[in-house]
Amino acid sequence: METHQTINRALRLILFTLFSFITTVSNAQTICNKAQKQVSYAKTTVANLHEDDYDVQYVKLDLKVSNLSTAIAGSATTKAKVVAPLLTDYYFELSNQLTIDSALINGQKLVAVSVSPYVWKISLANGLSQNSTFSATIYYQGSPSGGTGFFTNGLLQQTDGIYGVSVTHTVSAAIHSRDWWPCKQSLTDKIDSADIWVTVPTGLKVAGNGLLKNITALPTGNRYEWASRYPADYYLLSFAVAPYTEYNYQMHFTGSPDSMLIQNYLYNVPSILQQHQGQLDSLSQLINYFSGLFGKYPFFKEKFGVCMTPLAGGMENQTMVSLGSLDIQLMAHELSHQWWGDNVTCQSLADMWLNEGWATYCEQLFLEHFRGTAAAKAQRTSVFNDILLTNIGSVYVDDTTQEGRIYSSRFTYNKGAAVAHMLRYVVNNDALYFQGLKNYHQQFKFSTATTNDLINVMNQATGLSLDTFFQQWIYGEGYPKHNITWAQNGNTVVIKLDQIGSKPSSVSVFKMPIDIQLKSSSGDTLIRVMNDRATQYYVFQWGAQMNGMVLDPNDQILNKVLSVTNDNSILEIQAINELPIQIFPNPSIDYWTVQHVRPGTLLKLFDVTGKLIFQKTSQSDSFIIPSKSLPNGVYTLHVWFNNMLRSYQLIRQ
C-alpha cells in the first residue's frame, strides 16, 4: 500500500530537471578499446591449440573408484570428428599424476608421449582427413594428490567434518577435468553425449550425470552406469562416491504435461532427511520458478539432483550438483547454473560472469520470490558492500591464467550479480527483461555465448541501446561516487549531484538512472532521474516541506554517497530562476505539449538508458511530442538554446 501511494505521488508531481552547463567527454570509446585489448589477451581453455583439430562427439568413462582414496583406474574413450585439413597427431590433456598404461586410436595400439605436465600427443600411423571420425581410448591409473578443495585437484577424497562420511568426488571447474580423465578442455567444444560407468565396492553408491541406466553386479562390487544425451562441457562431467542413500520423487512442470525425476544422494544418516526434506521437496518449486524466468529446465528429459560432498560450497555438475550443505539458497545458486553455465556456457574464461554472476543474482531472485523484497534487498546490499571495498577491478576477467581472478568472489560473482540487477533496473520493465533472458537461453541453448551475445539479445528484446551500460559496468572499473547538495524554497526543490567514478581513468562518469527520495514529515516520494554528467542540477515542484533526501534508497545501483548537504546557496543559480518551458500533460498518455519554446531551440527526448527516441529543432513557440507508442516510464527532454542546456523529466503512463 505504501509503495503504491508513493508511486502515485511521484506521478502527480509537476517537475522538471535542470542540468548544469558542465559537460563531460564520453568515455564509451575508451572502455570499448580496453575491452578489445582484453579480448586479445584472453587465454583459451585448451592447453594446446592442436586439441582444436577435432570435435568431440562422445565420451565414455569406465572407471574403478572407492570412497577411501583418490585411486582411480580404467579407460576413457573419445569419439570425435576431424575438423582440421589433416589430423596427424592426437593431442589430449591428462595430469602427470596419472599413468597411461596404453592407448588405442581406431583400435590400433599407439604410444602416448608427454609434451608437458598436462599435454600428451599420439602420432598416428596414417593421417586422418577432414570430416573423418575416429575413436581414441586411453587406459590409465593413479592416485592424484594435492586436492583439498576448489582449484587444487579435479579428484578429491574428503571426510565430511559434521557427519564423518568419507567421499571421493570430482570438482573439475574450470581446468581440472584433466586431473582425473584424459580429455579436451575446450569451452566451445561441448561433448554431444556421454556414458560414465563407475565401479565401486559393495555398500557404496555413485552419483552422476544424466540417467542411471543400470547397476551391474560384478565380483569387485557394483558398476553404476550413467548416461547423458545432452551436450555438456568437459568440466561438467562428474561422479561422487560415498555410502549414500537416495531420496527421489517426480516433479511436474507448471502448464505442461511433462514430469521429471528429482534424484538426491544423501549421506546414509537418517537425521539428514529428517532435517532437510522440506528444502529438498522445494526443489520442484524452484525448478518451476526458474523455468518461468529463463525457459523450461534445459535437461528435463533426464533429471535434476543433488549429492552431498564435503565441499565448502557447491559445484554445478550437469543434472547432478555437488553440495557442501543442503542450504536452500546454495541449492538455488547451483540449480540456476543449469541455465547459467550448463545450458549456455561462457565462451571464454574472461566472460565467467555469465556463469557465476548470474547464478549469484539468482540467489536474489529466489529470495525475492520466496522470502520477499526485504530479504532480496538485504542480500543485494551485502553484495554491494563487498564490491565497494575497492575502487579497482572489472567484471571482465583481464587475467585468465589465474583461477583466483577467474573466480573472484568480488568481481565475477558479486559485481556480476550487481550488473544483472542494474540491468533489470535500467530496463525498468520485468516483462521485457525476462523475455530477453529467455531469448538468450533459447538462442544459445546447449552452446556457448559471450557478453556481446547477451548485449545483442537484450538490445533486441528491450528495444534499448545497452552497449554503454555494459561497457562501463563489465569492461570498466569502479562505480559512481556522489556528493549531494539540496535546498528548498517554497514549492521549489533543488538538488545538485556531483559525480565522479571511483577509478576515473577507467570510467570518469557513469551514465545511469538513479532514484532520489524526497523526505518530509507528511510522507516521502521517489523520483527517478538520469545521472550522466559530472555535475547536474535537478529542480522539482513539491508542496511538502522537505526535511532530507536519500539517493538510491533501495540499493538499485552500485554507488557510494560521500556527503549530503543542505545548502540554500544553490537556489541562487541564475538558470534555475528563469521561467521554465511549460510541458503538459505530465504524466501523459498520448502526447506532451511543449510551450514557450524559442525558434531554433534543439530538443531531444531520451529514454532512461540514454537512447535517443525523438529529435526536433523548433520553428514556433509550441509543438507536440507524441507518446502514445512509447512504453510506460520516465523520459528526459534535453533543450539546447544559446549554448545553454536544460533538461526536463517527462513521464508516460
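Of all residues in the stretch 397-422 being touching a Leu at 6+ places or on another chain (Cβ under 7 Å) and under 12 Å from residue 353 (Cβ atoms), which is surrounded by the fewest Cβ atoms within 10 Å (Cβ to Cβ)?
Out of the qualifying residues, it is 406.
Which of the residues spanning the stretch 181-209 are out of contact with any Ser or Thr (no Cβ under 6 Å at 6 or more places or on another chain), assigned to a loop (DSSP other than H, G, I, E, B) and not small (Gly, Ala, Ser)?
Passing the criteria: 181, 182, 184, 189, 190, 192, 202, 204.
Considering only the stretch 308-320, state which residues are on the phi > 0 side of the Ramachandran plot and either surrounded by fewer than 24 Cβ atoms within 10 Å (Cβ to Cβ) or not in a loop (DSSP other than H, G, I, E, B) (or both).
Selection gives 313 alone.
I'd like to know if the stretch 529-539 contains one or more residues that are touching a residue at least 60 places away in the same chain (Cβ under 8 Å) and basic (Lys, Arg).
So far as the stretch 529-539 goes, yes, one or more of its residues are touching a residue at least 60 places away in the same chain (Cβ under 8 Å) and basic (Lys, Arg).
Within the stretch 439-450, is there a residue that is among the aromatic types (Phe, Trp, Tyr) and not in a helix (DSSP H, G or I)?
Yes, that holds for at least one residue.
One line per residue, one yes/no per condition, for (1) basic (Lys, Arg); (2) out of contact with any strand residue (DSSP E or B) (no Cβ under 7 Å at 6 or more places or on another chain); (3) over 28 Å from residue 349 (Cα atoms); (4) at pLDDT 95 or above:
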| position | (1), (2), (3), (4) |
| --- | --- |
| 89 | no, no, no, yes |
| 100 | no, no, yes, yes |
| 106 | no, no, yes, yes |
| 130 | no, no, yes, yes |
| 146 | no, yes, no, no |
| 184 | yes, no, no, yes |
| 188 | no, no, no, yes |
| 197 | no, no, yes, yes |
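Residues 599, 626: which one is farther than 19 Å from residue 538 by Cβ, in contact (Cβ under 8 Å) with a residue 24 or more places away in the chain and in contact with a strand residue (DSSP E or B) (Cβ under 9 Å, 6 or more places away or on another chain)?
626
Residues to consider are 300, 304, 290; find the one that is assigned by TED's automatic domain parsing to the domain that holds residue 71, assigned to a loop (DSSP other than H, G, I, E, B) and either out of contact with any Lys or Arg (no Cβ under 6 Å at 6 or more places or on another chain) or under 28 Å from residue 165 (Cβ atoms) (or both).
Within the list 300, 304, 290, the selection yields 300.
Name the residues in the stretch 260-284 that are hydroxyl-bearing (Ser, Thr, Tyr) and assigned to a helix (DSSP H, G or I), would you?
271, 284
Determine which single condition residue 101 fails, assuming it passes every other condition in (1) in a strand (DSSP E or B); (2) farther than 27 Å from residue 199 by Cα.
Answer for residue 101: the failing condition is (2).
Could we say that residue 405 is assigned to a helix (DSSP H, G or I), closer than 18 Å to residue 174 by Cβ and without any contact (Cβ under 8 Å) to a residue 12 or more places away in the chain here?
Yes, satisfied.
Yes or no: the stretch 242-265 includes at least one residue that is assigned by TED's automatic domain parsing to the domain that holds residue 66, without any contact (Cβ under 8 Å) to a residue 12 or more places away in the chain and in contact with a strand residue (DSSP E or B) (Cβ under 6 Å, 6 or more places away or on another chain).
Checking the stretch 242-265: at least one residue is assigned by TED's automatic domain parsing to the domain that holds residue 66, without any contact (Cβ under 8 Å) to a residue 12 or more places away in the chain and in contact with a strand residue (DSSP E or B) (Cβ under 6 Å, 6 or more places away or on another chain).
Name every residue in the stretch 114-146 that is of a type in the set (S, T, N, Q), in contact with a Lys or Arg (Cβ under 9 Å, 6 or more places away or on another chain) and in a strand (DSSP E or B), in order of residue number.
Of everything in the stretch 114-146, those that are of a type in the set (S, T, N, Q), in contact with a Lys or Arg (Cβ under 9 Å, 6 or more places away or on another chain) and in a strand (DSSP E or B) turn out to be 114, 133, 135, 137, 141.
Conditions (1) surrounded by fewer than 22 Cβ atoms within 10 Å (Cβ to Cβ); (2) among the aliphatic types (A, V, I, L, M), marked per residue:
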{"position": "322", "(1), (2)": "no, no"}
{"position": "357", "(1), (2)": "no, no"}
{"position": "361", "(1), (2)": "no, no"}
{"position": "382", "(1), (2)": "yes, no"}
{"position": "395", "(1), (2)": "no, yes"}
{"position": "425", "(1), (2)": "yes, no"}
{"position": "430", "(1), (2)": "yes, no"}
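Counting just the residues of the stretch 288-304 that are surrounded by 22 or more Cβ atoms within 10 Å (Cβ to Cβ) and over 14 Å from residue 230 (Cβ atoms), which one comes out farthest from the chain's Cα centre (by Cα)?
My answer is 290.
Of everything in the stretch 371-402, what is under 24 Å from residue 149 (Cα atoms), at pLDDT 95 or above and among the charged types (D, E, K, R)? Give them in sequence order.
386
Output the number of residues of the stretch 595-637 satisfying the condition of being modelled with pLDDT under 80, within 15 Å of residue 583 (Cβ to Cβ) and surrounded by 14 or more Cβ atoms within 10 Å (Cβ to Cβ).
Number satisfying all stated conditions: 0.
Could you list all residues from the stretch 90-102 that are more than 18 Å from residue 50 (Cα to Cα) and either in contact (Cβ under 8 Å) with a residue 60 or more places away in the chain or not charged (D, E, K, R) (or both)?
Across the stretch 90-102, the qualifying residues are 96, 97, 98, 99, 100, 102.
I'm trying to understand the selection: among the residues of the stretch 497-523, which are buried (at least 20 other Cβ atoms within 10 Å of the Cβ) and among the charged types (D, E, K, R)?
The answer is 511, and nothing else.
For the stretch 71-91, what are the residues that are under 35 Å from the mean Cα position of the chain (by Cα) and farther than 14 Å from residue 124 by Cα?
72, 76, 77, 78, 79, 80, 81, 83, 84
Out of the stretch 529-550, which residues are at pLDDT 95 or above and within 26 Å of the chain's Cα centre (by Cα)?
Answer for the stretch 529-550, where residues must be at pLDDT 95 or above and within 26 Å of the chain's Cα centre (by Cα): there is none.
Spot the failing condition for residue 365; the list is (1) under 18 Å from residue 172 (Cβ atoms); (2) surrounded by fewer than 24 Cβ atoms within 10 Å (Cβ to Cβ), and only one is missed.
(1)
Just one of the numbered conditions (1) over 30 Å from residue 630 (Cα atoms); (2) surrounded by fewer than 23 Cβ atoms within 10 Å (Cβ to Cβ); (3) of a type in the set (Val, Ile, Thr) is not true of residue 492; which one?
Of everything listed in (1) over 30 Å from residue 630 (Cα atoms); (2) surrounded by fewer than 23 Cβ atoms within 10 Å (Cβ to Cβ); (3) of a type in the set (Val, Ile, Thr), residue 492 misses just condition (1).
The values are calculated or read from the model by the stated rules, or taken from the named source; none is laboratory data. Quick caveat: nothing in here was measured; it's all calculated off a predicted structure. When we count neighbours, we look across all protein chains shown, and the Cβ atoms used for this are built from the backbone with ideal geometry, even at glycine.
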